[in-house]
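So the structure is just underneath, and the comments pick up after that.
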Amino acid sequence: MWKDLRYGLRMLLTAKGWAAVVVISLALGIGANTAIFSAMNGLLLTQIPVQDPDTLVRLRFVGRNQMATSSSDYGFTRQVGGEHMRTTFSYAMYQQFVKDNKTMTDLFACAPSGRVNVVVNGQAELATAFLATGNYFRVLGIDARRGRVFGPEDDNQTAAPVAVISDRFWRSRFGSDPSVVGKVVAVNLVQVTVVGVLPARFTGIQSPVAEPADITFPVSLDRQINPAPVINGAAIARLDQPTYWWLQVMGRLKPGVTPEQVQGNFAGVFQSTAKAGLESYLAGLNAEARAASGNRNRTAVPRFVVESGARGIYDVNETNLRAINILTGVVGLVLLIVCANVANLLLSRATGRQKEISVRLSVGATRTRLIRQMLVESLLLSFLGGALGIAVGYWGKQLLPGSLGELAPLDWRVLGFTALVVLVTGAVFGIAPALRTTRVDISSVLKETSRSVAGSRSVLGKSLLVVQVAISLVLVTGAGLFLRTLDNLRAVDVGFDPKNLVLFRINPQLNGYNEQRSAALYQQLVERLGSLPGVRAATLSNPALLSGSVNQTSIFVQGRTYDAGVQQLDSINRLVVAPNFFDVVGIPLKLGRGFSESENNAKAPKVAIINEAAVKKYFSDGNPIGRRFGSSPETTGQYEVVGIVRDAKYDSVRDEVPPTVYVPYRQSRMGTPTIAVRTAGDPLTFVAAIRETVRGIDANLPMVDVSTQMEQVEKRFEQEKVFAQAYTLFGALALILAAVGLYGVMSYNVARRTNEIGIRLALGARREQVLGATMRESLVLVGIGAAIGIAIVLAASRYVASLLFGVPKNDAISIVLAIAVLALVATVAAYLPARRASLVDPMVALRNE
């Protein structure tokens with residue numbers, strides 16, 4: 001085998017250009033498959049980086065939940081039988097789980113805490129935060145790389161505030177300073193001592209390849225880090241609200257215990273604690289508030305579920321999974337084309353080695369021995385292509401859609417997959433040429449060529465060419481479908497003017513601003529931004545249109561009859577906006593009036609503006625102006641409709657506009673709205689001036705999520721854009737490979753038939769006839785491949801139909817254009833060998849014969 005390897009390497013070095021073409025082709029095919037598998041590895045196979053992840057379980061629930069008055073969900077959750085599966089519980093419920101636990105060695109609660117304002121040495125910076133119970137690191141088996149992790153003794157109201165930071169934050173914010181342990185930093189104005197730095201390998205329990213939170217606190221510190229807003233004169237922390245479901249819960253199984261046994265342990269506890277939490281909430285209301293509350297009639301309790309926690313809290317995003325499945329098919333087709341093309345190249349090269357093979361057979365070599373030698377050469381080529389393919393795959397993962405590029409770790413699984421692809425690919429493109437090349441007569445040693453091998457090579461080469469053409473047509477058609485989809489999405493009227501709009505957010509609550517101070521700050525900021533040179537106006541909304549955020553509420557229209565036990569029968573999307581919002585973003589008023597400045601007041605009568613979709617769905621029985629609605633059957637008189645505006649896309653460009661209600665921001669909890677600045681020119685050129693204006697009002701308020709509205713619109717169809725780019729890239733690669741394959745096959749045929757063509761010309765055939773006959777032979781092969789490709793397109797189109805927009809799955813225009821492009825490339829590739837055939841000198845051909 002070692003001799004075979006050395007001989008194969010010498011043979012490749014004698015044909016460096018040919019070998020380079022083969023290796024580069026293989027690198028592209030193997031690299032694309034490596035990139036996709038690395039994303040699939042992160043998505044489906046990798047476990048969270050903790051001790052013994054297989055014994056962890058995550059607690060969840062599925063179905064309608066009327067026991068919570070407030071809830072927070074994080075990340076992506078899947079649907080089970082049309083019902084959402086969720087991952088959060090109240091702190092009171094977690095405490096009850098701990099008391100009644102009989103099946104786990106321990107369990108902990110935790111939750112992402114968004115971004116916090118961290119001030120170090122007088123310099124403010126936003127950081128991502130995470131909250132966890134004191135036993136969090138102990139259960140996971142995680143120790144600090146510097147200092148210590150916090151424990152149960154740190155997780156109580158009387159303990160000094162402490163935190164641990166991630167390795168990444170330690171390096172980026174503290175410059176890997178070893179004296180960071182013991183350093184006091186201000187987090188949302190709370191003095192916190194850093195007690196440790198976490199190891200670099202620990203990225204948390206949310207998902208295996210998630211970015212770690214910058215700073216992690218004991219959960220008891222939530223009262224100080226995230227103080228509760230004052231409602232009706234009282235501020236109740238999340239930890240003390242039995243109906244606020246916001247904590248994720250995981251635990252470690254006892255030896256021999258199954259998740260089903262844990263479910264049996266806690267199912268009854270979950271049901272009773274959920275009901276007790278709502279009863280406790282209602283008992284805390286006065287008689288009048290309790291009678292008016294829509295929560296008093298709630299009865300639905302979801303089903304408790306326990307699942308493996310080896311891959312973390314979050315489920316696989318269905319959008320990412322669908323993208324992986326489609327791209328896997330695409331890169332698999334590319335690899336098939338590469339194998340077919342390389343096989344053709346090997347067959348072409350084998351023609352020049354027929355005399356060598358005949359000599360070796362005549363002096364005693366067995367056919368099996370020669371086949372092994374040629375397979376070693378194929379595997380050597382495949383190995384070189386695979387080595388380069390790993391680099392191509394590592395670079396190419398950044399081209400994957402959305403967050404897939406971040407889900408692509410390079411580990412032993414990826415290397416093992418690449419090695420397997422190398423072996424299979426080497427065998428696939430090497431076995432047929434090896435069999436064909438060694439099938440020669442010993443007598444051919446005395447001849448210059450072998451007719452039998454030439455004929456076999458011709459048939460196999462043409463068959464491989466047909467395969468390449470068919471697959472190329474599939475990919476080029478896919479490129480056409482997604483490019484047309486992208487054009488259609490960009491042409492959609494979103495219902496407002498997204499051009500020349502800068503969007504950004506600030507979070508004054510992180511600096512201790514209450515609701516009143518925040519409202520005054522936003523008002524001052526909008527006024528100052530509106531007076532900047534080149535700025536036409538500024539406004540705010542929460543959320544921003546087409547930003548990826550959704551705020552939804554129940555709607556109950558006054559005058560209709562509702563079952564008191566039914567909640568969330570109808571829902572409507574909601575935006576909290578400034579009075580000038582519609583003028584600034586360009587949403588025209590259709591009926592009624594807009595908001596006045598006097599109505600932008602917490603004490604003013606509550607008013608609302610709805611869109612046309614809301615009119616059709618909820619107010620189609622008459623003029624909606626003056627009608628009233630609320631968020632529960634008991635509060636149907638809460639809001640008065642004062643205006644109707646044109647439909648505007650809310651969260652999706654491709655979906656129908658949902659029913660939407662707009663309310664003044666001072667009449668509702670404002671949250672952290674997005675500020676929109678309408679400019680006279682390129683919006684990005686105004687960012688520096690906007691940043692300076694914000695700094696002039698409060699230097700400790702950093703701007704975050706700075707973008708343009710057009711960028712936000714483009715993000716709504718980011719997946720379609722990547723599919724269009726991927727199909728176009730791979731389609732172009734397939735066309736090039738098919739053209740090279742066609743050129744190679746026809747060049748070989750012309751060389752093999754030189755004598756025949758010379759005789760025909762000597763007997764009176766015109767050069768135009770030879771040119772036409774050779775071209776026809778090429779185009780017949782292309783036609784057969786195109787016919788097979790069309791059949792594949794029609795059969796496979798249903799798999800991408802849901803990703804298309806404004807384009808039928810069997811779009812004739814895309815298919816015809818793909819055929820036209822393929823025919824053009826094939827004609828050029830076939831013309832050169834055909835022209836060479838027509839220029840054969842009859843005398844030279846006859847002399848050779």
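The values are calculated or read from the model by the stated rules, or taken from the named source; none is laboratory data. Since the model is a prediction, treat every value here as computed from it, not as a measurement. In this analysis, Cβ positions are derived from the backbone assuming ideal geometry, glycine residues included, and neighbour counts consider all displayed protein chains. For the accessible areas, the whole protein counts, side chains as well, though only heavy atoms, and no ligand, DNA or RNA atoms are used. Shrake-Rupley method; radii C 1.70, N 1.55, O 1.52, S 1.80 Å.
Largest to smallest in accessible area, the residues GLU153, GLU714 fall in the order GLU153, GLU714 (1.4 Å probe, all protein chains included). Given the choices [x] 39.4, 132; [y] 34.3, 114; [z] 33.8, 103, Rg and Dmax of the Cα atoms in Å derived from the coordinates of this structure is entry [y].
In terms of distances greater than 18 angstrom between alpha carbons, the cross-link table entries LYS3/LYS355; LYS715/LYS809; LYS102/LYS275; LYS590/LYS616 yield LYS3/LYS355; LYS715/LYS809; LYS102/LYS275. Within the accessible surface of the range 122-264, defined with a 1.4 Å probe on protein heavy atoms only, the carbon and sulfur portion equals 51 percent. Figure note: LYS275, LYS606, LYS397, LYS102 ranked by solvent-accessible area, largest first, 1.4 Å probe, ligands and nucleic acids not counted: LYS102, LYS275, LYS606, LYS397. Ranked by the mean number of other Cβ atoms within 10 Å of their residues, highest first, the peptides 334-341, 533-540 fall in the order 334-341, 533-540. Note on the chain: antiparallel DSSP beta bridges, both residues inside, total approximately 80 percent of the bridges counted.
For the chain, the solvent-accessible area of protein heavy atoms averages 43 Å² per residue (probe radius 1.4 Å; ligands and nucleic acids excluded). The phi torsions of the range 605-614, fed into the Karplus equation with coefficients 6.51, -1.76 and 1.60 and a -60° offset, translate into couplings of x, 6, 10, 8, 10, 10, 9, 5, 5, 5 Hz, rounded to whole numbers, with Gly and Pro shown as x.
For ARG536, the residues whose amide H sits under 5 Å from its own are ARG678, THR679, ALA680, ignoring neighbours fewer than 5 places away on the same chain, with H placed 1.01 Å from N. Phi angles across the range 121-138 convert, under the Karplus curve 6.51 cos²θ - 1.76 cosθ + 1.60 with θ = phi - 60°, into 3J(HN,Hα) values of 6, x, 10, 8, 7, 7, 9, 7, 10, 9, 10, 8, 5, x, 8, 3, 6, 5 Hz, Gly and Pro given as x.
222 nm [θ] for the chain, helices only, -39500 (n - 2.57) per DSSP H run of 4+, per residue, to 500? Roughly -15500 deg cm²/dmol at 222 nm, from the helical runs in the chain. Here the Karplus curve 6.51 cos²θ - 1.76 cosθ + 1.60, taken at θ = phi - 60°, turns the phi angles of the range 513-519 into couplings of 6, 8, 4, 5, 5, 5, 4 Hz, with x standing for Gly and Pro. Could you look at the range 648-789 and say what percent of its accessible area is carbon and sulfur, using a 1.4 Å probe and all protein chains? Looking at the range 648-789 in its full context, I get 57 percent from C and S. Accessible area ranking (1.4 Å probe, heavy atoms, ligands and nucleic acids excluded), largest first, for MET67, MET1: MET1, MET67.
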